[in-house]
Amino acid sequence: MRIGHGFDVHAFTDGDGIVLGGVRIPHTHGIKAHSDGDVLLHAVCDALLGAAALGDIGKYFPDSDPAWRGVDSRKLLAQVVKLLHDRQLRPAQIDVTVIAQTPKLSPHVELMRSNLAHDLEVPREFVNVKATTTEGLGYIGRGEGIAVHAVALIEPRTGNG
Ligand code: MG
């Protein structure tokens, strides 16, 4: 087993919703980003890349490349999973903590889990998504953006797995 950690922050901007864990969530704001701004999936990508000692998401999908403008971050995650597969590695377990004052995320957590389990090709029982606030403190508490921490375990691929 190998372990990796990912962290990402995106600021809110004008808009009517955000995409988090591949789930479109109506909100009073959007997310400022080059891609679709799925800060959760970005943190998961970085955790997986970290576990495989493959650098970080910016190395593979730089902001400066127009190819990634508005891209569905699930496509980025799929590419990260493929990078692992190419090295005979695969995701084994993931734990995610979303830190946001708003919007309320609990109604969406199970769908995020399903998306992650599907994209990582791991059972739901090995995927966890949880959300917390900062009790109004700091930039998250002021509603300026969303932060996500992710921890991933990866393991060698065996047989046809
Ligand atoms: Mg990001």
- prompt: Do the conditions hold for L41, that is, is it within 20 Å of V109 (Cα to Cα), at pLDDT 95 or above, within 14 Å of the ligand (Cβ to nearest atom) and of a type outside the set (D, E)?
  reply: yes
statement: Looking across segment 8-38 at residues that are within 13 Å of the ligand (Cβ to nearest atom) and of a type in the set (D, E, K, R), the single one that is farthest from E144 (Cα to Cα) is D36
query: Tally time: how many residues in segment 140-161 are farther than 23 Å from R74 by Cβ, within 20 Å of the chain's Cα centre (by Cα) and either assigned to a loop (DSSP other than H, G, I, E, B) or not β-branched (V, I, T) (or both)?
result: 2
- prompt: Somewhere in segment 128-140, is a residue touching a helix residue (DSSP H, G or I) at 6+ places or on another chain (Cβ under 8 Å) and without any contact (Cβ under 8 Å) to a residue 12 or more places away in the chain?
  reply: yes
task: List every residue pair whose Cβ atoms sit under 6 Å apart, with the two residues 6 or more apart in sequence or on different chains, where the first one lies in segment 31-46 and is closer than 12 Å to I18 by Cα and assigned to a loop (DSSP other than H, G, I, E, B) and the second, anywhere, is more than 9 Å from the ligand (Cβ to nearest atom) and acidic (D, E).
output: D36/D72
field: Which numbered condition D119 fails, given (1) outside any strand (DSSP E or B); (2) within 16 Å of the ligand (Cβ to nearest atom)
entry: (2)
message: All but one of (1) touching a residue at least 24 places away in the same chain (Cβ under 8 Å); (2) more than 12 Å from L20 (Cβ to Cβ); (3) not charged (D, E, K, R) hold for H118; state the number of the condition that does not hold.
response: (1)
message: Would you confirm whether or not segment 49-71 contains a residue that is within 13 Å of the ligand (Cβ to nearest atom), surrounded by fewer than 21 Cβ atoms within 10 Å (Cβ to Cβ) and of a type in the set (A, V, I, L, M)?
response: yes
- prompt: Residue check: is A33 closer than 20 Å to Y139 by Cβ, touching a strand residue (DSSP E or B) at 6+ places or on another chain (Cβ under 6 Å) and either modelled with pLDDT under 95 or surrounded by fewer than 24 Cβ atoms within 10 Å (Cβ to Cβ) (or both)?
  reply: yes
message: Quick check on segment 47-66: of everything there that is modelled with pLDDT of 95 or more and not in a helix (DSSP H, G or I), which residue is nearest to V98 (Cα to Cα)?
response: D56
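The values are calculated or read from the model by the stated rules, or taken from the named source; none is laboratory data. Note that this is a predicted model, so its numbers are computed, not measured. Positions of Cβ are backbone-derived with ideal geometry, glycine not excepted, and every protein chain shown enters the neighbour counts.
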